[in-house]
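The values are calculated or read from the model by the stated rules, or taken from the named source; none is laboratory data. Treat the numbers as computed from the prediction; the structure is a model and nothing was measured. Positions of Cβ are backbone-derived with ideal geometry, glycine not excepted, and every protein chain shown enters the neighbour counts. Heads up: the accessible areas ignore ligands, DNA and RNA and are worked out on the full protein's heavy atoms, side chains in. Shrake-Rupley method; radii C 1.70, N 1.55, O 1.52, S 1.80 Å.
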Amino acid sequence: MTFLQAQSRDLIQAREVLVDELKNVFQHSSIQSFIRLEVPCEKLNILAWLKAQPFSVKTYWLDREHRFEMGGIGWADRRTSQETLSFPTLFAHLQAHLPLKYPHLRYYGGMRFSPQHTISPLWKPFGSYFWLIPRFEVYQAPEQSYFVCNLAPHDSTSLNDLLEELNQVYMISNSSLDPLPVLTTRRDFPEKSQ
């Protein structure tokens with residue numbers, strides 16, 4: 001569900017709209033499939049926004065072509081296992097859970113590349129793979145930015161708990177964000193074609 005109002009809002013106004021829409025969702029239905037609530041918002045420095053968040057789970061993605069950038073906090077859904085799956089099997093499994101009506105809804109995460117090697121202690125909690133859909137996102141594409149809340153079908157979070165989570169999101173404007181260090185070099189593995 002995307003709310004396509006003409007003007008973008010600052011994050012505080014976007015949160016107010018999201019609170020009303022969450023109340024509406026919980027009042028009129030139980031969550032049987034993924035629900036994605038997108039509210040247009042101002043563009044902002046996503047890395048600085050993530051840095052300011054008090055959440056322990058933070059996710060960042062910027063595709064190489066700069067078609068979209070996403071900063072996420074918390075998780076609405078996660079998929080993890082000790083079982084080793086082939087890349088095609090795992091990606092087909094993840095894709096099967098995503099409804100087509102939400103083209104911006106996706107899993108972010110990673111996997112072990114070589115099951116023959118010993119798992120490092122840092123990776124052990126993630127299993128063979130760990131993928132999540134953030135609870136809250138700032139999603140930016142060249143044409144529009146959104147403040148987002150994702151709800152999963154098996155999510156047992158109550159409306160009150162969800163609103164409390166939303167209240168913990170640090171809602172700030174670009175002018176109040178600490179600047180990030182300037183990038184001095186970049187190296188892509190594998191190499192990005194120029």
Among the residues of region 105-127, which ones are in a loop (DSSP other than H, G, I, E, B) and either in contact with a Gly (Cβ under 7 Å, 6 or more places away or on another chain) or open to solvent by 40 Å² or more (accessible area, probe 1.4 Å) (or both)? Arg106, Arg112, Phe113, Pro115, Gln116, His117, Thr118, Ile119, Ser120, Pro121, Leu122, Trp123
Tally, over region 46-79, of residues that are of a type in the set (A, V, I, L, M) and either in a strand (DSSP E or B) or within 21 Å of Leu94 (Cα to Cα) (or both): 5
Has region 39-55 got any residue that is closer than 22 Å to Leu162 by Cβ and of a type in the set (Lys, Arg)? no
Does region 114-123 contain any residue that is modelled with pLDDT under 90, over 22 Å from Pro40 (Cα atoms) and either touching a Pro at 6+ places or on another chain (Cβ under 6 Å) or among the basic types (Lys, Arg) (or both)? no
In the set Arg79, Arg36, which member is of a type in the set (Lys, Arg), touching a His at 6+ places or on another chain (Cβ under 9 Å) and open to solvent by 40 Å² or more (accessible area, probe 1.4 Å)? Arg79
Filter region 91-104 down to residues that are farther than 23 Å from Leu62 by Cβ and not in a loop (DSSP other than H, G, I, E, B) and give me whichever is modelled with the lowest pLDDT. His93
Across region 39-72, which residue is surrounded by the most Cβ atoms within 10 Å (Cβ to Cβ) among those that are within 13 Å of the chain's Cα centre (by Cα) and β-branched (Val, Ile, Thr)? Ile46
Please work out which one of (1) among the hydroxyl-bearing types (Ser, Thr, Tyr); (2) over 22 Å from Tyr146 (Cβ atoms); (3) touching a Leu at 6+ places or on another chain (Cβ under 8 Å) is the condition Tyr107 fails and give its number. (2)
Which listed residue, of Leu11, Leu44, is under 16 Å from Val169 (Cβ atoms), touching a helix residue (DSSP H, G or I) at 6+ places or on another chain (Cβ under 6 Å) and either hydroxyl-bearing (Ser, Thr, Tyr) or at pLDDT below 95 (or both): Leu44
